[in-house]
Amino acid sequence: MSLPHAILTALLEKPSSGLELARRFDKSIGYFWSATHQQIYRELGRLEESGMIRALPSERPAQGRRKEYEVLPAGRAELSDWVACGEDPKQVRDPLLLRMRAAAVVGTTGLEAELERHLELHRRQLAEYEEIERRDFPDSPGNEPDLLRHLVLQGGIDLETFWIGWLTKALAGLRKA
């Protein structure tokens, strides 16, 4: 996935200013594709230059107003092409897994505390996802867009559940050893 595709997706869901877009990233897309506010603004400029988005006209003077962007047909076509193309799964690159491998050769001092910290972080993230699910999907999704959004959220819930189970096993094994 790439930042331009994430931005096109968000703008097709709702035309937004750079600030609104950055805030929406912090609350939704950022759970699985993060970007700084600076990266978002830089990419908005590139997308506008390439003719994929445009700033909506405004009655207010240009100075001091926030530009609100919308996706143009070229941007929608790019996003559609990207959705349809294949991509292999990404290899897992997690520093915690590497840290555990290193602990096998240098010792486990401090590792248990780090595993406990990660366990707590994943528990918090799971609780947040479950709250989003209760709030945004109280019933079965009624249409395809809601179904797809719910499936993305469910993927996050499943990943957090996996990590909680795995970390619990890792801590139990470390404590037994």
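The values are calculated or read from the model by the stated rules, or taken from the named source; none is laboratory data. Just so it is clear, the structure is predicted and the values come from calculations on it, not from any experiment. Please note: Cβ atoms are built from the backbone with ideal geometry, for glycine as well, and neighbour counts cover all protein chains shown. Surface areas here come from the heavy atoms of the whole protein model, side chains and all, with no ligands, DNA or RNA. Shrake-Rupley method; radii C 1.70, N 1.55, O 1.52, S 1.80 Å.
Listed here are the residues, each with its yes/no results for (1) farther than 27 Å from Leu12 by Cβ; (2) among the acidic types (Asp, Glu); (3) out of contact with any Ser or Thr (no Cβ under 6 Å at 6 or more places or on another chain); (4) open to solvent by 80 Å² or more (accessible area, probe 1.4 Å).
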residue	(1), (2), (3), (4)
Ser50	no, no, yes, no
Ser58	no, no, yes, no
Pro73	no, no, yes, yes
Trp82	no, no, yes, no
Pro89	no, no, yes, yes
Asp94	yes, yes, yes, no
Leu98	yes, no, yes, yes
Val105	yes, no, yes, yes
Leu119	yes, no, yes, no
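Restricting to the stretch 135-163, and then to whatever is among the charged types (D, E, K, R) and at pLDDT below 95, can you tell me which residue is nearest to the chain's Cα centre (by Cα)? Top of the filtered list is Arg149.
Residues that are closer than 20 Å to Ile29 by Cβ and open to solvent by 80 Å² or more (accessible area, probe 1.4 Å) within the stretch 153-177 comprise Asp158, Leu159, listed in sequence order. The residue list Thr36, Thr109 contains one member that is open to solvent by 80 Å² or more (accessible area, probe 1.4 Å), farther than 18 Å from Trp163 by Cβ and among the hydroxyl-bearing types (Ser, Thr, Tyr), which is Thr109.
Out of the residues in the stretch 129-177 that are of a type in the set (Asp, Glu) and in contact (Cβ under 8 Å) with a residue 12 or more places away in the chain, state the one that is nearest to Arg117 (Cα to Cα). Per the stated criteria, the residue is Glu160.
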